[in-house]
1. Can you list residues whose amide H is under 5 Å from residue 244's amide H, if they're 5+ apart or on another chain and H is modeled 1.01 Å from N?
2. In segment 130-223, which GluC sites (Glu not before Pro) fall in coil by DSSP and have 10 or fewer other Cβ atoms within 10 Å?
3. I'd like the projected area of the chain, averaged over all directions, using the convex hull of its alpha carbons. Report it in nm² with one decimal.
4. Using the charge dipole of the chain (Lys, Arg: +1 at Cβ; Asp, Glu: -1 at Cβ; taken about the Cα centre), state which of 352, 212, 325 has its Cα farthest towards the positive end.
5. Express in nm, to one decimal, how much length is gained between residue 342 and residue 376 on full extension, taking 0.36 nm for each residue of separation and deducting their alpha carbon distance.
6. Under the definition of Cα pairs under 8 Å and six or more residues apart, what whole-number percent is the relative contact order of the chain?
7. When Lys and Arg each count +1 and Asp and Glu each count -1, what net charge do the other residues less than 9 Å away from residue 194, Cβ to Cβ, add up to?
8. Of the trypsin sites (Lys or Arg not before Pro) in segment 161-209, which ones lie in a loop per DSSP and count no more than 14 other C-beta atoms within 10 Å?
Amino acid sequence: MKTFLSIAERHKAKLVAKGKSMVSEEIHLNHHLEERGIEAIETDLGEYILQLARETPSHLIIPAIHKNKSQIAALFEEDAGRPFEPETKVLAAYARQKLRNYFLEADIGLTGCNFGVAESGSITLVSNEGNGRMVSTLPKVHVVVMGMERLVPTFEDLEVVLNMLARSATGQKLTTYTSILTGPKQEGDLDGPEELHVIILDNGRSNQLGDPIFQEVLNCIRCAACLNVCPVYRHVGGHTYGTVYSGPIGAVLTPLLQQDMKEAGTLAYASSLCGACYEACPVKIPLHDMLVHLRHRKVKMKLTSLPERIAFKSYATMFGNITLYKLATRSAYYAQLPLVREGKIKSGPPPLSGWTQSRFMPMLPKRSFRDRWAELQQELAQRKTDGAAPNGTRKEEKR
Ligand code: SF4
């Protein structure tokens, strides 16, 4: 942040035109600029919509995925002071016309970086809108804010990750704009910034280096495929997570970057552990395993509530002792009876009430699975003694 502010100060910047950058969201850059009287304008269409709505992104790739055309038209109406048809072309045309001046007037263009290439010092911007190219070429100063894990050694490596990113993020073979920028404008160049600064951000990432469980999270290329397939994300949406990064990757990344297991650590429970994220992830980060490890870490740090700890301790003791298990399953049948109506538990006491608020709970049967299994074994043994064939017909009858 300090580095960026010192560049802005040196250039007496008043207006910053921004390309899409989740890293800048991570460090709340807009907020810091606003505090210093510097206007930051988002030029990615989704981000621009969210800036007007004063909201944060709800998806890594499609930040305004939660907004429909009518909602966007209402925002533009408020901004322009005139009515808008909720038509994509009309809305995009308004944003395009509005943003054009910002590209031309901005003192600094700021972008994220999809990948940096170490062998040449190049940065790669991947986008389906032309704003990335405008922001990185029209203002006199271009500042790139890049997460430290975005560096690949060579162009050969870049080819691999670019292929994976486009396919996993949007199902394209190649995004509309893939820009590779190496240094500022050179003599003879028609366009480009006079100054190019690359700020490499750590912000908790290096803490994961060497960690046998979590280092792999640094392989993430932010394609959002894990969000798209996650049954939890698909139901609750990105804002429910209350963090910059949402979905399975957000649930793992946020507590690690913030080193906060108390608040952010609860995100590890926002998962059914179905493993769909792992299946979809192009770099095969075992997010579901990491979520279990985060839960374990939270328990080990004694950050779970006392009733929860007691409940799970009792649960473990019961499952570790067959006599206790039998006793518990038998007595559970009788304990539930006062709550049962028409064969169902429709309203349970806390913490069960959280479940029964929205659905019924089936009553526990009188005979447990173990009882039924034992009976079945006895029945089979009896049949064998009686000489019954496997399909249940008697041998004599078959003959
Ligand atoms: S964890 Fe995998 S699927 Fe999710 S954003 Fe990162 S690379 Fe994509």
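1. The answer is none.
2. On the way: sites: 149, 156, 159, 187, 194, 195, 216; in loops: 187, 194.
Within segment 130-223, the qualifying GluC sites (Glu not before Pro) (loop, at most 10 other Cβ atoms within 10 Å) are 187, 194.
3. Numbers: hull surface 124.6 nm².
Answer in nm², one decimal: 31.2.
4. Going by the Cα projections, it comes out as 325.
5. On the way: separation 34, 0.36 × 34 = 12.24 nm, distance 2.83 nm.
Taking residue 342 through residue 376 to full extension adds about 9.4 nm, to one decimal.
6. Relative contact order of the chain: 11 percent.
7. Values: positive: 140, 185; negative: 195.
Local net charge: +1.
8. Values: sites: 167, 173, 185, 205; in loops: 173, 185, 205.
Within segment 161-209, the qualifying trypsin sites (Lys or Arg not before Pro) (loop, at most 14 other Cβ atoms within 10 Å) are 173.
The values are calculated or read from the model by the stated rules, or taken from the named source; none is laboratory data. Keep in mind that what you see is a predicted model, and the values were worked out from it rather than measured. Here Cβ is always computed from backbone atoms with ideal geometry, including for glycine, and neighbour counts include all displayed protein chains. SASA here: full protein model, heavy atoms, side chains in, ligands and nucleic acids out. Shrake-Rupley method; radii C 1.70, N 1.55, O 1.52, S 1.80 Å.
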